[in-house]
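One structure below.
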Number of protein chains: 6
Amino acid sequence: MPVRGLVVGRFQPFHKGHLAVIREVLKQCDDLVLVIGSAEESHTEKNPFTAGERYQMILSSLTDEERARVHIIPVRDVNRYSVWVNHVESYVPPFDVVFSNSELTRSLFSQAGYEVRKTRAYNPRMYSATEIRRRIVSGERWEHLVPAPVAQMLRAMDARQRLLASGAKPTRARRRGRCAR
Amino acid sequence: MPVRGLVVGRFQPFHKGHLAVIREVLKQCDDLVLVIGSAEESHTEKNPFTAGERYQMILSSLTDEERARVHIIPVRDVNRYSVWVNHVESYVPPFDVVFSNSELTRSLFSQAGYEVRKTRAYNPRMYSATEIRRRIVSGERWEHLVPAPVAQMLRAMDARQRLLASGAKPTRARRRGRCAR
Amino acid sequence: MPVRGLVVGRFQPFHKGHLAVIREVLKQCDDLVLVIGSAEESHTEKNPFTAGERYQMILSSLTDEERARVHIIPVRDVNRYSVWVNHVESYVPPFDVVFSNSELTRSLFSQAGYEVRKTRAYNPRMYSATEIRRRIVSGERWEHLVPAPVAQMLRAMDARQRLLASGAKPTRARRRGRCAR
Amino acid sequence: MPVRGLVVGRFQPFHKGHLAVIREVLKQCDDLVLVIGSAEESHTEKNPFTAGERYQMILSSLTDEERARVHIIPVRDVNRYSVWVNHVESYVPPFDVVFSNSELTRSLFSQAGYEVRKTRAYNPRMYSATEIRRRIVSGERWEHLVPAPVAQMLRAMDARQRLLASGAKPTRARRRGRCAR
Amino acid sequence: MPVRGLVVGRFQPFHKGHLAVIREVLKQCDDLVLVIGSAEESHTEKNPFTAGERYQMILSSLTDEERARVHIIPVRDVNRYSVWVNHVESYVPPFDVVFSNSELTRSLFSQAGYEVRKTRAYNPRMYSATEIRRRIVSGERWEHLVPAPVAQMLRAMDARQRLLASGAKPTRARRRGRCAR
Amino acid sequence: MPVRGLVVGRFQPFHKGHLAVIREVLKQCDDLVLVIGSAEESHTEKNPFTAGERYQMILSSLTDEERARVHIIPVRDVNRYSVWVNHVESYVPPFDVVFSNSELTRSLFSQAGYEVRKTRAYNPRMYSATEIRRRIVSGERWEHLVPAPVAQMLRAMDARQRLLASGAKPTRARRRGRCAR
């Protein structure tokens, strides 16, 4: 009996931490539904890239064998958590296990009867889409944080200009000790 | 320079004519975006199956090699043709050629600057989703019109019951000479 | 352990057949959620009255004791059957048994795990909202088909004028023998 | 000539201050329309509970006699104040007097020709849904601020877990002299 | 005290009957709000032209003096008659008199307190947008039914092709005597 | 060959800086489409006035000759930048040059093939809608910043009360030197 996993993300942009999660889940499942969340958002500070651009980033980072096992599906927000599980179910083929570290996602799918598993976190301070966007807009080094084809795509589309037009502002990195004091 | 095709359909249900179109386009292109239109519709007479069910029908009909080259993407209707091209563009990775026999689709994408090509029609009286739904609900033979895994899925979900609950009524086939007189 | 029923209707207008169903269900349950469907529709041929007007029709037809046990709740359509059960659940207090004679309603709630029961039909040719609207707009007798307070409300708001403005046209009754055979 | 009042609230959750307002208004009116605002919101920091859950909280706090006089009606936001009065009017039975302390609500209904009255405030620092949510999530005492059946419901559904999953964070009470220093 | 009129139409396409109504209303009012209804519809059989195209048709048919007195405003449908008056009011500057021959429009605005007047009908069998669309798509003479600049626009955009792509089919004129009897 | 400009603004409220931009653009173009953005917003802190009220402000500030050349068109937000250009195009007559100082607007229209030009800034610290709203709500002098007919309209509708009901709070002016350097 094959087992299918479900992973939800916004992938703004797709980075090496995301790729590591995909590969971890592919070890536990036969195949994988990868939901691109907030599919209709783009050109905003938190969601600068269209679903189509994010689809292409993911696609270009996978091997051929992975492409046959990873089903990338853009799903728009409904802004109503009470119907969200039904909404996702209507968009994607049947799945068995939800992989997520978000309390809300885990709670909603678990209440609907799905098995829910956590994934490992891959250096979340570094492999963070927020941090990567900050680095791009601030002119710092970011290419090593994303798969090579994504780096190439982002340079080709002048990602820095896109982020600026989407409302992002250059800032310095938050210091290590930030919350320490 | 790889070339990517775009095909739009509702796939209610996915049948052998659809599969033939996919295989025809894959000969002309490197890969293919397959848009599942009216993605949010289900349980209605014309759209009995959810996008997720249709996704699964298509997936199960493709070979592994095809799965790596066919990008299945459910896209909801916007009910505003004036923004439809932008809407599709925002959901799917970049594409080059639109394959369609619909005048409206051809006209909208052509006006937006895309190359548009026709596809061959595969015995459209027989390989027709409308006809297949009619046969299912009327208790006639239909399994030979869809790929074997789709036939299996439809039987397993009791498609006839779904169609009846969605408002379909059993009818006889329309006679050959229908508009002749 | 108290048992709560759920009944869905459009009540365009509320008639004696609806009231009989409510009273039948109240015998089987402790209390009852009465969903006014298509809540946002009004001034159309099939939905001439607002949810508020329908609410008032129902309220004025119930006894005080019934008012404390019947929870009238207007719910708008979502036009997506795939999320409809979640949608209704989010609007109404928890319920146990769904009373409906519609195949689709029964199938959706049953698939979501609810017990589903049929109700008796109360002379459906006569106690039919469609027939009552036809009679009102055609100047025939209709008052005996609705509870007295509803008849009074409809006369006070000049229901015939509302139906005409909503696009209804006077027609003759469909002949008896039509569906016979 | 019976007089019907209208009260709008979000009831996240329903507390003793809300119940006092209802009882105050029931002294001035024959019956009362109680609108559950933001009906489609749930699982967010400010709106953790569904409309159905809030409906049940209110219902379980009323006496039988009150249930027959209080018409609880969930109404979704339209996010367009320019149509808000028409929107509410379409959902609820006719009403005469709007009870509200919000400047905007008072101004919109007053401009539409309704009589508008203020209600007494019942120790608003204490009987505040925001404060109650803060106490629940922070593990402080809150049960005495809501009617007993609401306290029971909230414990049974593990309200603390719901609030955390909805994005709330434990915080200390804001000091009396709040902005003083 | 200046008086402002309001006229609602879909203008698919704008024809000489519409222009006559505008000129009739301009005799009774100081200026005129001309609402382009169903503004978001286009490329459908009943609404082939975008609001922008219809705007241009109207603009090009008016004299400079009329342009300063006619305020053309596209307004999308809300599909909820219960909020329609508020919806229109929020989009257009204040107006005094509604000119309409539609029962529903007259009833909704009249109930909201507006003065409502009828306009003369200008040979409605001939100056009919439906009839003009039928003639265009069927290859019959139509240019004499629209203002000259509209005829020029429609030819330049190949209106026949647009109508065909929007789903229209060539048909014969309905015979004179059709409704006679 | 006549040239038509496009200007987008929210005009909350319309002020002398806006009027200066219109007059500057009218020198470069034959006529001008003036889009009232966020058309469906009103009664909020950032968008206190309805599109209709803003339409009237603009109309009353133009000369008759200008009214014939300026086409004021309210356009609602779509909240999806990926379809925004198509959305605007569907609402307004054809245009040639977009005048804007917003990076995002310039980038989206430029990518869609339009010529994009900057406009002069007219003392933006003073002729700022944000600053004017602050002055109105705080009881400071503001009438000299808007055209005289706008000042009259705002006084007549008691703009201060509207702003307060919309959630604005009186504040002091931000000090001169704040953003300097």
### Cβ-based net charge around C:L164, under 14 Å, with every Lys or Arg adding one and every Asp or Glu removing one
+4
### Task
With a 10 Å radius around each residue's Cβ, average the other Cβ atoms per peptide and rank D:19-30, A:70-81, highest first.
A:70-81, D:19-30
### Query
Which value in deg cm²/dmol, rounded to the nearest 500, describes the helix-derived mean residue ellipticity at 222 nm for chain A, given -39,500 (n - 2.57) per DSSP H run of n ≥ 4 and division by the residue count?
-11000 deg cm²/dmol
## Note on the structure
For peptide B:30-43, the mean count of other chain Cβ atoms within 10 Å per residue Cβ is 3
### Query
By the scheme Lys and Arg +1, Asp and Glu -1, what is the net charge of all other residues having a beta-carbon under 15 Å from that of C:I73?
+3
### Query
Amide H of F:V33: which non-local residues (sequence gap of 5 or more, or other chain) have their own amide H closer than 5 Å, using H built in the peptide plane?
F:G5, F:L6, F:V7, F:H71
### Summary
Shielding of C:56-62 by other chains, given as the mean Cβ count within 10 Å, works out to 2
### Query
Which whole-Hz couplings ³J(HN,Hα) result when phi for each residue of the range B:130-139 is put into the Karplus expression 6.51 cos²θ - 1.76 cosθ + 1.60, θ = phi - 60°, listed in order with x for Gly and Pro?
4, 5, 5, 4, 4, 5, 4, 6, 9, x
### Summary
Taking the alpha-carbon centre of each part, the distance from the range A:24-76 to the range C:81-123 in Å is 35
### Task
Averaged over every viewing direction, what's the projected area of the C-alpha convex hull for the range A:40-136? Give it in nm², one decimal, please.
7.6
#### Entry: Average beta carbon contacts from partner chains per residue of F:104-115, 10 Å cutoff
2
### Task
Return an integer: the convex hull volume of the alpha-carbon atoms of the range C:79-181, in Å³ per residue.
178
#### Entry: Virtual spin-label span in nm between E:N79 and A:E140, 7 Å along Cα→Cβ
4.7
## Note on the structure
Non-local residues with an amide H under 5 Å from the amide H of E:E40, with H modelled 1.01 Å from N and Pro and chain starts lacking one, are E:D77
### Summary
Around B:E45 (Cβ within 10 Å, Cβ-to-Cβ, excluding B:E45; K/R +1, D/E -1) the net charge comes to +3
### Message
Need one word for the range D:123-169: rounded, prolate or oblate. Basis is the Cα gyration tensor (sqrt eigenvalues a ≥ b ≥ c); a/c below 1.5 gives rounded, then a/b vs b/c decides.
### Response
oblate
### Gain in span if fully extended, E:N123 to E:N101, counting 0.36 nm per residue against the direct Cα distance
6.5 nm
### Task
With an 8 Å cut-off on Cα pairs and a minimum separation of 6 or more residues, tell me the relative contact order of chain B in percent.
28
### Message
List the residues, sorted by chain then number, that are 5 or more residues from A:R117 or on another chain and whose placed amide H is less than 5 Å from its amide H.
### Response
A:V98, A:F99, A:S100
### Query
Going by a ≥ b ≥ c, the root eigenvalues of the Cα gyration tensor, does the range A:1-96 fall in the rounded group (a/c under 1.5), the prolate group (a/b larger than b/c) or the oblate group?
oblate
### Message
With angles folded into 0 to 90 degrees, how steeply does helix A:51-61 sit against the dominant principal axis of chain A? Use alpha carbons for both and round to 10.
### Response
90
### Task
May I ask you to evaluate 6.51 cos²θ - 1.76 cosθ + 1.60, the Karplus curve with θ = phi - 60°, for each residue of the range A:71-85 and list the ³J(HN,Hα) values in order in whole Hz, giving x for glycine and proline?
9, 7, 9, x, 10, 6, 5, 9, 6, 8, 4, 5, 10, 5, 4
### Spacing of the two label points (7 Å from each Cα toward its C-beta) at D:M157 and A:E65, in nm
4.8
## Note on the structure
Beyond 53 Å, the calculated P(r) of the protein assembly as shown holds a percent of Cα-Cα pairs equal to 22
#### Entry: Highest to lowest packing among E:119-129, B:156-166, scored as the average C-beta count within 10 Å
B:156-166, E:119-129
### Message
Below 29 Å, Cα to Cα, which lysines can F:K16 reach? Residues fewer than 8 away in the same chain don't count.
### Response
F:K27, F:K46, F:K118, F:K169
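No value in this document is a laboratory result; all are computed from the given coordinates. It should be emphasised that the depicted structure is a prediction, and the values quoted were computed from it without experimental measurement. A quick note on method: Cβ atoms are made from the backbone with ideal geometry, for glycine too, and the neighbour counts reach across all protein chains shown.
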